[in-house]
1. Would you confirm, using the coordinates I've provided, whether residue 357 is under 12 Å from residue 59 (Cβ atoms) and either modelled with pLDDT under 95 or in contact with a Ser or Thr (Cβ under 8 Å, 6 or more places away or on another chain) (or both)?
2. Being within 30 Å of residue 305 (Cα to Cα), touching a Gly at 6+ places or on another chain (Cβ under 7 Å), modelled with pLDDT of 95 or more and aliphatic (A, V, I, L, M): is that true of residue 343 here?
3. Report, by residue number, each residue of the stretch 228-242 that is open to solvent by 10 Å² or more (accessible area, probe 1.4 Å) and either within 16 Å of ligand 1 (Cβ to nearest atom) or among the aliphatic types (A, V, I, L, M) (or both).
4. For the stretch 136-156, state whether one or more residues are away from ligand 2 (no atom under 16 Å from the Cβ) and among the polar types (S, T, N, Q).
5. Checking residue 75 against (1) farther than 17 Å from residue 305 by Cβ; (2) touching a residue at least 60 places away in the same chain (Cβ under 8 Å); (3) assigned to a loop (DSSP other than H, G, I, E, B); (4) within 16 Å of ligand 2 (Cβ to nearest atom), which test does it fail?
6. Could you look through the stretch 8-45, keep only residues that are under 16 Å from residue 407 (Cα atoms) and basic (Lys, Arg), and pick out the one that is least open to solvent (accessible area, probe 1.4 Å)?
7. Residue 97 versus (1) open to solvent by 10 Å² or more (accessible area, probe 1.4 Å); (2) polar (S, T, N, Q); (3) over 19 Å from residue 156 (Cα atoms): which is the lone unmet condition?
8. Look through 182, 161, 132 and report the one residue that is within 16 Å of ligand 2 (Cβ to nearest atom), over 27 Å from residue 57 (Cβ atoms), of a type in the set (D, E, K, R) and out of contact with any His (no Cβ under 7 Å at 6 or more places or on another chain).
Amino acid sequence: MNSQPNRRLIRSGIIVTPDEIFRGDILIVDESIAHVAPHLDDADARVVDADGYHILPGLIDAHVHLREPGATHKEDFATGTRAALAGGVTTVLDMPNNPQPTTTRDALEEKRALARDKAMCDYGLFIGATAENARLEIGDWGAVGVKLYMGATTGDLLVTEFDALYRHFAARSRLPIVVHAEDNDALKFFANDPTRTRHSARRPPISAALAVSRALALAEETGRQLHIAHLSTAREIELVKAATARGARMTCEATPQHLFLSTDDEERLGAFGVVNPPLRSPDDVHALWQNLQHIDLVATDHAPHTIEEKQSAKPPSGMPGLETMLPLLLTAASEKRLSLQDVARLTSHNPARVFHLARKGEIAAGYDADLTFVRLDEAYVLQKPWQTKCNWSPFEGRRVRGRIARVFLRGQEVMADGEITANAGSGKEIGLTTVSE
Ligand code: NCD
Ligand code: ZN
């Protein structure tokens, strides 16, 4: 065993934070960033030449479905976290809608043990809200957040009754409640209308607006921290803007599929474009881009299903996203649709703040040395092979600009030029001890 501390000096990278972009050096000691400055010297450190690279804080994807336990033919903690590293993502927050949902202390412990042995990037686990656990102290079990499904989607998780909703929001917990905001009565109504054949028409924007209004009312009444998952429509944005102006304690996220695809892609993609919330109209997509300053974070909702399942008579909803989020955002940055600082804010700084991840989301002394190196000058086509077990992407064939070159996780290089060098189990759980008060 090497007892020397791991000292690395990242030299002459272009460091990207939400506030500034500057050429500088980063000194890593063991797992942490020790120092960041325009020029550093350290005789004992191994030097990593970062000339020509932009360095982002490692991405935090606050919304993934890694499918373990119960659906490991779609993904597991090893393949899902490999996909994360390939995509420049160093922390993932895993959703509870497994076949046996993560809604009890035992189920959370079981998932925790599986992830501990396999995960290659850091991770936090969500606990799922149910009517049954509404009276329990689910916020004390070590999850990073409570996921509450107001509308039915993949899996059986659903909370629609007022008493359970109210109890969850009123519980004394500092964990945010993340809401899948589609109103279930509206979904049932539109799904019964035989003239609505497209997936997007069966889950229209009013379903989202109704659920967001309800969630906001509950959060404002109780003071509970609310995070709205995958916001996708202009109407939701207007609701969120008004709530923020009133001082509501809420944040929201958008996904790459709602920023980079629309109903114009629905026919071409067929079942591979079926996702919840559905792809939205070009006007809705435009509204998301116009209001990016009101969106707190971008998360993938990485929801892999196999090609066979997608080609079946009843295709499940969901699409993978871990490996394509950053190239898509960097491409948009190269087109000046957002800035690189926005990318750092949306994919790392803000997810860490929303989920109270104390040592994540900054390139600054005292933070975990999670770093994603990118080459902005390289253009290429998104294509197979993918690390995700499902091995497809709705973005396959798209030309992008910005290659993910190297990834460091707590000071260790875990990906270089597409090759993943992390070991199974090198990822650590966050949420147990590392969440700030
Ligand atoms: C998700 C899945 O497959 O787990 N599917 C999806 O379309 N987003 C479930 C969900 O988050 O809705
Ligand atoms: Zn999801």
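The values are calculated or read from the model by the stated rules, or taken from the named source; none is laboratory data. All of these numbers come straight from a predicted model, not from anything done at the bench. So basically every Cβ, Gly included, is an ideal-geometry build from the backbone, and we count neighbours across all protein chains shown. Just so you know, the surface numbers come from the protein's heavy atoms only, side chains and all, with ligands and any DNA or RNA stripped out. Shrake-Rupley method; radii C 1.70, N 1.55, O 1.52, S 1.80 Å.
1. In short, no.
2. So residue 343 does not fit the description; no.
3. Residues satisfying the conditions are 234, 239, 242.
4. No.
5. (1)
6. 8
7. Residue 97 satisfies all of (1) open to solvent by 10 Å² or more (accessible area, probe 1.4 Å); (2) polar (S, T, N, Q); (3) over 19 Å from residue 156 (Cα atoms) except (3).
8. After ruling out the rest, the residue left standing is 182.
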